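*Asks:* Okay, here's the structure, questions in a sec.
Read-outs: derived from the displayed coordinates by stated rules, not from any lab. Keep in mind the model is a prediction, meaning the values are calculated, not measured. Here the Cβ positions follow ideal geometry from the backbone for every residue, glycine too, while neighbour counts run over all protein chains shown.
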Amino acid sequence: MSTMMQILAWLSAFACLLMGVHLLRSRPSNPMPAKFLGALFLVMALQAGMMSMVIEFGRGTWSILLPSLALSLGPLLFLYFQSVAQTPYRLTAKSSLHFLPAVFCLFEMFFKQFWVDPDLMIVLSFAAYALALAWRMTKGRVQFSHCGAHQNIVFLWLVSCAALLALSCLNEIFIVYEINQGKQVNQSIGLLMGLLSKLTMLSFTLLSALQKPSPLDWLTGFGKTAYQPAPQSVEDTNFRALVKRFDHLVDQEKSYAQEGVSLKSVATFLNVPQRQLSQAINHVHGESFSKRMNCLRVREAKRLLIDPADKSIIEVMLEAGFRTKSNFNKEFLAIEGMSPSDFRSANS
């Protein structure tokens with residue numbers, strides 16, 4: 001079993017290295033997701049290579065990097081999806097805070113002073129970032145609406161990665177249990193299963209990514225390959241025409257900022273039934289009328305928060321169309337993942 005695990009680890013390292021280089025060399029229209037994902041695969045390559053050496057030679061001085069590498073996986077995956085959802089994405093000093101546990105763990109391993117058990121830190125990290133991705137899932141597909149035709153598949157990738165982190169957490173717990181029971185690393189069934197599942201996933205991803213055109217171009221953040229939409233139905237065409245009128249109205253007239261605006265008032269202005277307008281917005285944007293209006297209000301609030309005029313938070317709230325501070329903070333946090341004041345500080 002030791003030889004099989006070593007082979008699987010080296011194959012995983014090679015596949016991760018190829019994928020990481022491929023992503024970092026790509027030239028997508030939105031480069032930040034490709035950089036985060038490329039860095040993720042390079043970390044996985046280094047991790048798998050070191051694991052192979054541990055299996056063959058046991059733990060050496062160089063193996064002090066292994067826990068820190070594992071603690072970097074969750075942050076890189078989280079930042080990848082954050083950069084896909086927020087385009088263009090600006091890397092801030094706050095982003096580096098995600099890697100503090102990895103730095104702290106490296107410090108512990110180097111000086112052999114263990115205030116917090118590294119295995120516990122890894123389990124908690126996987127669990128925390130699995131929950132963080134699950135929380136992002138609650139925002140729905142609308143957060144990837146700018147991905148166009150790739151919106152649904154990006155959301156499915158998010159769901160898959162959240163599940164993968166959760167399974168990695170359980171697998172890590174099983175490996176720690178085996179080792180505490182006296183099993184050597186090269187005898188761990190949990191490690192073997194982890195390597196097998198990782199290699200299977202990597203092989204599929206790598207083979208798909210190397211195709212021209214690649215069905216995984218969306219991974220890098222909207223590659224250059226043109227997407228050919230499927231023929232539209234009459235209902236789809238009608239819905240899109242109606243939503244185009246709706247979008248033009250709310251953008252040009254800033255209806256979302258007007259007091260008393262409702263589905264009924266907008267439908268009356270557009271001279272269509274309320275139900276038809278509601279169905280059209282759900283069909284095209286994947287969200288309700290009220291959710292769409294709140295997204296537009298938050299978009300306007302973001303613009304005002306970074307405006308040189310430096311208006312107060314209350315002024316921004318009212319001008320964007322919100323009437324209560326609690327609702328403003330709740331909707332802004334749900335869509336942007338931070339409060340309005342934090343957003344202003346991060347973009348000042």
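*Asks:* For q values of 0.25 Å⁻¹, compute log₁₀ I(q)/I(0) with the Debye formula on a Cα-only model of the range 1-98, without solvent.
*Replies:* Normalising to I(0) and taking log10 leaves -1.23.
*Asks:* When only Cα pairs under 8 Å and 6 or more residues apart are kept, what is the percent relative contact order across the range 2-220?
*Replies:* Working: 244 pairs, mean separation 54.1, N = 219.
In percent, rounded to a whole number, it is 25.
*Asks:* For the range 37-140, take the alpha-carbon Rg, divide it by the Kirkwood Rh, and send me Rg/Rh. List each step's numbers first, then the result.
*Replies:* Numbers: Rg = 15.0 Å, Rh = 14.8 Å.
Checking Rg against Rh, the ratio lands at 1.01.
*Asks:* Using the structure shown, select from Lys139/Lys311; Lys139/Lys302; Lys94/Lys254 the pairs with a Cα to Cα distance greater than 25 angstrom. Walk me through the intermediate numbers first.
*Replies:* Working: Lys139/Lys311 28 Å; Lys139/Lys302 18 Å; Lys94/Lys254 33 Å.
Over 25 Å apart, Cα to Cα: Lys139/Lys311; Lys94/Lys254.
*Asks:* Suppose the Debye formula is applied to equal point scatterers at every Cα of the chain; what is log10 I(q)/I(0) at q = 0.06, 0.08, 0.11 Å⁻¹?
*Replies:* Taken in order of the listed q values, log10 I(q)/I(0) reads -0.29, -0.49, -0.84.
*Asks:* Still on this structure, please answer the following. About the Cα centre of the chain, what is the dipole size in debye to 20, counting +1 per Lys and Arg Cβ and -1 per Asp and Glu Cβ, all else neutral? Let's see the in-between values first.
*Replies:* Working: 31 positive and 22 negative charges, 129 e Å.
In debye, rounded to 20, the chain gives about 620.
*Asks:* Now, a different point. Over the Cα atoms of the range 259-348, what Rg and Dmax result, in angstrom?
*Replies:* So, for the range 259-348, Rg and Dmax equal 14.6, 44 Å respectively.
*Asks:* Can you list the lysines whose alpha carbon sits under 16 Å from that of Lys198, skipping same-chain ones fewer than 8 residues off?
*Replies:* Within the straight-line cut-off, Lys198 pairs with nothing.
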